[in-house]
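The values are calculated or read from the model by the stated rules, or taken from the named source; none is laboratory data. Every value quoted in this text rests on a predicted model; they were computed, and no experiment measured them. Cβ placement follows ideal geometry from the backbone for every residue including glycine, while neighbour counts extend to all protein chains displayed.
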Amino acid sequence: MKYRKLLALGLIMIIAAFGGAGCGSSNETTVTFSDSGVEIDGSGASADGTTVTIISGGTYTISGASDDAQIVVSASDTADVTIVLNNADLTNEQEAVIYEEQAGSLTLTSASGSENTITSGTEDLYETALEDATTEETTTEETDASGDASEDESLEDNLKAAIFAKDDLTISGDGTLTVNGYINNGIQTKDNLVIESGTITVTSSNDAIKGKDSLTVEDGDIAVNSAGDGICTSGDLNIEDGSFDITTGKGAEEQEAEGFGMENKDMAGNMPTDNEVSADISSDETATQVGEQMQQGGPVSFEIPDDFEEWLESADDMSDEIKEYLTNVLEAYESVSSGDETAMQGLDMSALMEIPDDLEAYIEDSESIPDDVKEWMETMLEMANRAGEMQQGFDENSDMDDLSTAVSQKGIKADGIITIENGTFTISTADDSINSATEIIINDGSYTISASDDGMHADEALTINGGTINVELSYEGLEAVTITINDGDINVTATDDGLNANGGNSFGMGGGMQPGDMSQDNAPGDAAAEDTSAADADETAEENTAAAGEDAAEEAQTEDVAAETSEENPVIYINGGTLYVNAEGDGIDSNGSIYIAGGDIYVDGPSNGGNSAVDIGTENQGIAVMTGGTLVAIGYSEMAEDFDSSSTQNVIMYAFDTDVRSEEHTS
């Protein structure tokens, strides 16, 4: 009996001695940095100059200051390491300050009441990165699939971020943590990143806070200034609560002020260089006006000379190639000016950019051209040449869905699903403010957004279930293939479309018909049949269940859902909430259909003929159906849409005989 007691006591002593080397540890070690070196009190860590290496699991409290500090975690792959920052001010101008090379997990905690600063590199690197990100052009070869600069992947791990972990990283605490990632990123992990709490401020030359597999924020007070993305992940991103102040690049307002806003980008999404910002599209004032109108998507009011057609028919001093080209230009102009959507969709714009080699010389040398025609042709040639340059840029940078600057500068970005439960967000970005390559779900929260590109953009679906959302500045306010608004108080200001359900014929001319104009090709019965396929599929699924079992039904339903949510079937659902849109482009625009079942919707639409307060994709058999709610929409009547006859909610459309501006009063 005594032998067994001694054996048990021996086992307990062994476990106490060696337990910390594995999955957990009660080891507590203090590490103090100073100008003279490092003082370590406890086990599990060693120092070489001002470089501390942690080799065992446990808790390590770090304090003091050093201009050449580094903490390397190189423990077993099952060791849980906790670093407590307690008034630590650590800098490394050459590489990461905290570098987790191997561990089971790393937890970084700021002690209550403490102020901590981690800095890699020097501030001038950040200033240079910020300027380069704003002005440089980047081709697709220079970015990876997620839109990050390839420089991030080419760097050694110990250079990628001021705080870098190869394994799971958790950040917590009641103190403050300031991270300056002047070399590249601020905080980064190659695995899962969780922020539990803390006051965290990050400034970075590339991305501020980056988790590879996933990123979760449970709470915290987070401020970000980044030359790249603010908060990003290649996986899913979940935010439960917290306060967020995010600025990327120079922020949307300064981008606009300096002439680097979205309206200044060309078709390929390239920014102008410094000496091009204030330059006119053409030295000819008329060409400049035409360029602006083309950019806004409206009918070109650059009138062709009255005698052009007569001269073209009689002129005999030009080549057949020039005559054919000018004839095509005339037909294209007449189609655009008439607003004939069918004719516009049939235009071959690429052919108009194939300018005959001898046209310029002909315009200069010919004596048969009337003066007004010659002036018109010179301007037309200038615009055609510029259109060709923009098309070439588009061919070289073909990702039109991501009109980004030199690096991705999105505020909150994920390749996976972004889910936000709550929180307070102030976001000013040189790119999209919130962007997902798949889906965004907003359940609650308060959002103040200024974006040089889109306020919220999802490649697949955007769902808003609540919250207060103010998009104060944007190119397009809310954009996805499928947009669903179930509740919330939403205010959107956009220089292009307020809401945009893209996909399908994304480069089509859009919908647009006069009130009451329902041609046979756009008959509501056909479109309704197309959009009620979900109900038909449900009946088919039930039949399949009886005939072939549950598997066949599930397959039928899956195929139908895929069809409904594909890029060929963009759709906007508004079921509740309050929505106000002030847009220079279309107010509410779907390349497919729009369904309104509830909510209070107010649209201050555009004042140019190429856009509409409510626009549907008639070219994709889209329809607008209203079965509930309130919609008040004001806009240019030329492209006004009619609601489908299946609507159960009354719709009144009224068109003035002349333009009525806000400063005019009518009775």
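Among the residues of region 54-107, those identified as under 21 Å from Asp174 (Cβ atoms) and in contact with a Leu (Cβ under 6 Å, 6 or more places away or on another chain) are Ile62, Val81, Ile83, Leu106.
Taking region 464-492 as the range and being closer than 16 Å to Asp589 by Cα and of a type in the set (Ser, Thr, Tyr) as the test, the residues that pass are Ser474, Tyr475, Thr482, Thr484. Would it be correct to say that Gly598 is assigned to a loop (DSSP other than H, G, I, E, B) and modelled with pLDDT of 80 or more? In short, yes. Looking for something modelled with pLDDT under 95, over 22 Å from Asn185 (Cα atoms) and polar (S, T, N, Q) - is there at least one such residue anywhere in region 14-26? Yes: one or more hits.
Checking each residue in region 41-78 for being surrounded by 16 or more Cβ atoms within 10 Å (Cβ to Cβ), assigned to a strand (DSSP E or B), hydrophobic (A, V, I, L, M, F, W, C) and without any contact (Cβ under 8 Å) to a residue 24 or more places away in the chain picks out Ala45, Val52.
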